Amino acid sequence: MQFERDFFIGAATAAHQVEGNNIHSDYWAQEHMAHTDFLEPSGDADDHYNRYEEDIRLMAGAGLNAYRFSIEWARIEPEEGKFEEKELEHYRDVIRACRENGLEPIVTLLHFTSPKWLISKGGWESEETPGYFARYVRYVIEGVGKELNYVCTINEANMGVQVAAIAKRYMRQMQAKMQSGKTDGTVQMGLNLEKMMANQQAAEKERMEIFGVAKTECFTSPRTPHGDELVAEAHKAARAAIREIAPHIQVGLTLSLHDIQALPGGEENAAKEWEEEFTHYLPAIEGDDFLGVQNYTRTRMDASGSLPVPEGAELTRMDYEFYPEALGHVIRKVARDFKGTLLVTENGIATDDDSRRVAFIEAALEGVGGCIAEGIPVKGYMYWSLMDNFEWQKGYSMRFGLIAVDRKSQKRIPKPSLGVLGNYAKISRR
Ligand code: BGC
């Protein structure tokens, strides 16, 4: 599979997952709660904040020509209205290192984490948040906009809606279990409802102490339809600011997209799911320069809803079905409605067996190549992730990386897949 010379082949990271010590963020605060949902705190992560040059050189050495990373709002504006010039300087250095090493920097302005203060003010359900976001974006673009060509405003703008759907499904399953189980607080599955309730109350009290609100509306908290509109508004406000300050920049957002497949009888459910995941964002992204497509697997649906992975299917460490064909399918589906450029901003696999990562990348890129051959304007492919990193609530247990990291010594150990991915850029048509 050969791509054009200007096709981006790169890798992606997010600030909180790799930099370390993102102490002013909402996630950091949650990771350190006594009643935390996180398996472990992010701590020093991969110390990418200090070692970004080494990491960028590794990418360039392997042949990659693009690096997608995020600028951390909580570092730039650790207190409301207090902007840190030296943090912007840090990201200017990262951008410079990319350019010196022949990598196109593709910057994301919000990748799940927000400053803690924003959550105390109502977070992603507050009418004020789009304005705060646009103010931060303005500061960043005024500072480093000249040096950028591609900016993603918000990573996976639809994540809160997806989390809300999962939470609803989970509640329904719990209710069904309770109805069929005992009534003394210990239902099937070894659930202890009394303890869960007590924990929940204690967590609420703790959140109140830490954030000043009992219900924290972080970016990835279950989103209400109104909150979903605010996310779209934040994107549009950021886009307007970017276009005013640096009109040369290509702007877009990214979406988490499953390859939703309808089994006989599941057509209506599949159409509804796709509407929720993708189509209803069309008005918000109309006029964007590109759309960031992020895909990891497929979801099959029948008349009852989404189905478990097929029996005997190969699973990734995330328990997703190994199904790299999903990417090509999703790109084709998106291209029916969105006519702008598509950029694969994330696609990857958590596995300990790097040969499966290689197989995944090869199959996924085969799919991308097929889409391009059909005339779909796909501009690049960013593998998730450059290195093994902090997979949010699951801590460091997932291994998506092209590079392994010994977190005690912070030594980088490139995996064969890094070279395989880089080769696609090396052999691209000159
Ligand atoms: C997110 C990443 C995450 C990855 C793997 C995406 O939803 O943007 O932050 O690590 O999936 O789960």
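The values are calculated or read from the model by the stated rules, or taken from the named source; none is laboratory data. Everything quoted here is computed from the prediction, not taken from an experiment. Counting neighbours? That spans all protein chains shown, and the Cβs are built from the backbone with ideal geometry, glycine included.
Scan the range 396-408 for residues that are farther than 22 Å from W28 by Cβ and either over 17 Å from the mean Cα position of the chain (by Cα) or more than 12 Å from the ligand (Cβ to nearest atom) (or both) and report the count.
4
Looking at G328, is it outside any loop (DSSP other than H, G, I, E, B) and either within 15 Å of the ligand (Cβ to nearest atom) or of a type in the set (D, E) (or both)?
Against the criterion (outside any loop (DSSP other than H, G, I, E, B) and either within 15 Å of the ligand (Cβ to nearest atom) or of a type in the set (D, E) (or both)), G328 does not qualify.
Being over 27 Å from K379 (Cα atoms) and modelled with pLDDT of 95 or more is true for just one of E72, E80. Which residue is that?
Going through E72, E80 in turn, the sole match is E80.
When residues of the range 287-315 are filtered for being at pLDDT below 95 and closer than 21 Å to L342 by Cβ, how many remain?
Number of matching residues: 1.
Under 8 Å between Cβ atoms, which residue pairs at least 6 apart in sequence (or on different chains) link something in the range 156-171 that is under 20 Å from L109 (Cβ atoms) and in contact (Cβ under 8 Å) with a residue 60 or more places away in the chain with a partner that is part of a helix (DSSP H, G or I) and of a type in the set (V, I, T)?
What qualifies is A157/V231; G160/V231.
I166 is checked against (1) under 21 Å from the mean Cα position of the chain (by Cα); (2) modelled with pLDDT of 95 or more and fails just one. What number does that condition carry?
Only one criterion in (1) under 21 Å from the mean Cα position of the chain (by Cα); (2) modelled with pLDDT of 95 or more is unmet by I166, namely (2).
In the range 381-395, is there at least one residue being in contact (Cβ under 8 Å) with a residue 60 or more places away in the chain and away from the ligand (no atom under 14 Å from the Cβ)?
yes
Here is a list: A335, A363. Which entry is in a helix (DSSP H, G or I), surrounded by 18 or more Cβ atoms within 10 Å (Cβ to Cβ) and of a type in the set (A, V, I, L, M)?
A335
Taking T108 as meeting all but one of (1) in contact with an Asp or Glu (Cβ under 8 Å, 6 or more places away or on another chain); (2) outside any helix (DSSP H, G or I), write down the number of the exception.
(1)
Residues in the range 344-356 that are in contact with a Lys or Arg (Cβ under 9 Å, 6 or more places away or on another chain) and away from the ligand (no atom under 14 Å from the Cβ): how many?
So the count comes out to 2.
Looking at (1) surrounded by fewer than 18 Cβ atoms within 10 Å (Cβ to Cβ); (2) under 21 Å from V161 (Cα atoms); (3) in contact (Cβ under 8 Å) with a residue 60 or more places away in the chain, which one does H248 not meet, given that it meets all the others?
(2)
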